[in-house]
Amino acid sequence: MLPKIPEQNKKPGVCYAVTDDGLELPVIDITHPAFALEVSEAEMSVLIDGMLVSIEQKTKAPPAVMQALIQKSILLRGLEESAGTFTTGMVTYLTKLGPGNLGEGYASPIDRQWAATLTPVSFRLRMQAVVRLVADGLAASLEKRPGQPAHLLNIGGGPAADSLDALILVRKEHPGLLEGRSISIHVLDLDAAGPHFGGRALEALLAEGAPLHGLSISFEYIPYNWSDTAPLRSLLERIGPGHAVAASSEGGLFEYASDEDIAANLAALRTAAADDFVICGPVIKDGETLEPRLKISEHVPGRPAVRYLGLAAFQRITAAAGWQVGTMIDQPMYHIISLRKA
């Protein structure tokens, strides 16, 4: 697919793929220096203070001024469109690119300025943590199953960047563990645009000289509403026993779904899950555990319909569905969690 807006300043060692809209975007690889991100406690504190200043400025600015800014920014337009609903996979993906990776052909200085603020930085840190947990869980399962097929399930995954990066990380840290296997990425999502880009991103990563070159990896998109788990159950039946399987939902199921839908999806996964199966994703902290300055974020007008679910409520849901928290990475906004069968 030829891009309508090609990337003019490609970085060595970075792969590129094209969106349904014709934007040529870099393929996120958290092991590449272009996407590496570390934030100290002091730096995070500065970002939080900056968020508070930004919220105050936004509430005082005339609506016409805010709309003018939004129209100049692909990222801010995407967030405005997600108010009261969910942020699409492609908007989330663009937000996670970082200011230095946004292309001149579609991004403005406003985009680069915003990409360095708290929300985009939190998204990038969230993804890094999910990738780490998925990679660790998948590697452990692969080691127990020499030569057996591997499957990565991604619920509400959009482009499934966390699944792709988990494979990159496993290959770097466990050379040979992925070779000689059939590997499948299964993305279950309402919106097709994200998975379409994810499939093209995989093609780029499989090209000669790219991080996943030489591996046998397929990419399957399954239209999915997590209120109806029938497609998920059908997929699990197709996979069958004996394979290495890991699942994730980075910025999806645990952030937007109801208690009932979270429980139903976990119950479906448990029916086919081996004892070492993991499902990884972020849970937004509740008012009791959020950093005090972040509590205002729960009440900002125009935010997506994410849930400040909290760890205690999440554990009640997961325990009832037969799961327990295995590993947890703590971040200012999120608990990044790896679930295992109880």
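The values are calculated or read from the model by the stated rules, or taken from the named source; none is laboratory data. All figures in this text were calculated on a predicted structure; none of them were measured in a lab. Here the Cβ is made from the backbone with ideal geometry for all residues, glycine too, and neighbour counts use every protein chain on show.
Out of GLU43, GLU56, one residue alone is of a type outside the set (Lys, Arg), within 22 Å of VAL131 (Cβ to Cβ) and loosely packed, with under 14 Cβ neighbours inside 10 Å. It is GLU43. Of the residues making up region 185-229, those that are within 19 Å of the chain's Cα centre (by Cα) and closer than 22 Å to SER82 by Cα number 16. Looking for something of a type in the set (Ser, Thr, Tyr), out of contact with any strand residue (DSSP E or B) (no Cβ under 6 Å at 6 or more places or on another chain) and modelled with pLDDT of 95 or more - is there at least one such residue anywhere in region 120-141? Yes, some residue in region 120-141 is of a type in the set (Ser, Thr, Tyr), out of contact with any strand residue (DSSP E or B) (no Cβ under 6 Å at 6 or more places or on another chain) and modelled with pLDDT of 95 or more.
Of the set (1) closer than 24 Å to ALA257 by Cβ; (2) over 16 Å from the mean Cα position of the chain (by Cα); (3) hydroxyl-bearing (Ser, Thr, Tyr), all apply to THR119 but (2). Residue count for region 1-33 under the criterion of being assigned to a loop (DSSP other than H, G, I, E, B), buried (at least 17 other Cβ atoms within 10 Å of the Cβ) and hydrophobic (A, V, I, L, M, F, W, C): the result is 5. Specify the residue that is nearest to the chain's Cα centre (by Cα); the eligible residues are those in region 63-104 that are more than 15 Å from GLY158 (Cβ to Cβ), of a type in the set (Gly, Ala, Ser) and surrounded by 14 or more Cβ atoms within 10 Å (Cβ to Cβ). Only one residue fits best here, namely GLY98.
Taken over region 22-44, the criterion of being farther than 21 Å from ALA166 by Cβ and either basic (Lys, Arg) or free of Cβ contacts under 8 Å to residues at least 60 places away in the same chain (or both) is satisfied by GLY22, SER40, GLU41, ALA42, GLU43.
Exactly one condition in (1) in contact (Cβ under 8 Å) with a residue 40 or more places away in the chain; (2) out of contact with any strand residue (DSSP E or B) (no Cβ under 6 Å at 6 or more places or on another chain); (3) in a loop (DSSP other than H, G, I, E, B) is not met by LEU169; state its number. For LEU169, the failing item is (3).
For region 275-296, the candidate set comprises residues that are of a type in the set (A, V, I, L, M) and farther than 19 Å from SER249 by Cβ; within that set, the residue that is farthest from the chain's Cα centre (by Cα) is ILE296.
Taking ALA107 as the residue in question, decide whether it is assigned to a loop (DSSP other than H, G, I, E, B), among the hydrophobic types (A, V, I, L, M, F, W, C) and more than 13 Å from the chain's Cα centre (by Cα). For ALA107, the condition - assigned to a loop (DSSP other than H, G, I, E, B), among the hydrophobic types (A, V, I, L, M, F, W, C) and more than 13 Å from the chain's Cα centre (by Cα) - is met. Hey, among SER163, SER218, which residue is among the polar types (S, T, N, Q), surrounded by fewer than 22 Cβ atoms within 10 Å (Cβ to Cβ) and out of contact with any Cys (no Cβ under 7 Å at 6 or more places or on another chain)? Just a single option satisfies the conditions, and that option is SER218. Scanning region 201-230 for residues that are in a helix (DSSP H, G or I) and either closer than 17 Å to ASP162 by Cβ or free of Cβ contacts under 8 Å to residues at least 24 places away in the same chain (or both) yields ALA201, LEU202, ALA204, LEU205, LEU206, ALA230.
Might you check whether a residue that is assigned by TED's automatic domain parsing to the domain that holds VAL130, of a type in the set (D, E, K, R) and out of contact with any Cys (no Cβ under 9 Å at 6 or more places or on another chain) occurs anywhere in region 239-252? Within region 239-252, none of the residues are assigned by TED's automatic domain parsing to the domain that holds VAL130, of a type in the set (D, E, K, R) and out of contact with any Cys (no Cβ under 9 Å at 6 or more places or on another chain). GLU179 meets each of the listed conditions (1) more than 21 Å from ALA273 (Cβ to Cβ); (2) assigned by TED's automatic domain parsing to the domain that holds SER234; (3) crowded, with 21+ Cβ neighbours inside 10 Å; (4) free of Cβ contacts under 8 Å to residues at least 40 places away in the same chain apart from (3). For region 250-257, the criterion of a residue being within 22 Å of the chain's Cα centre (by Cα), farther than 20 Å from ASP165 by Cβ and charged (D, E, K, R) is satisfied by no position. Residue count for region 270-313, restricted to those that are in a helix (DSSP H, G or I), in contact with a helix residue (DSSP H, G or I) (Cβ under 7 Å, 6 or more places away or on another chain), farther than 28 Å from LEU75 by Cβ and touching a residue at least 40 places away in the same chain (Cβ under 8 Å): 0.
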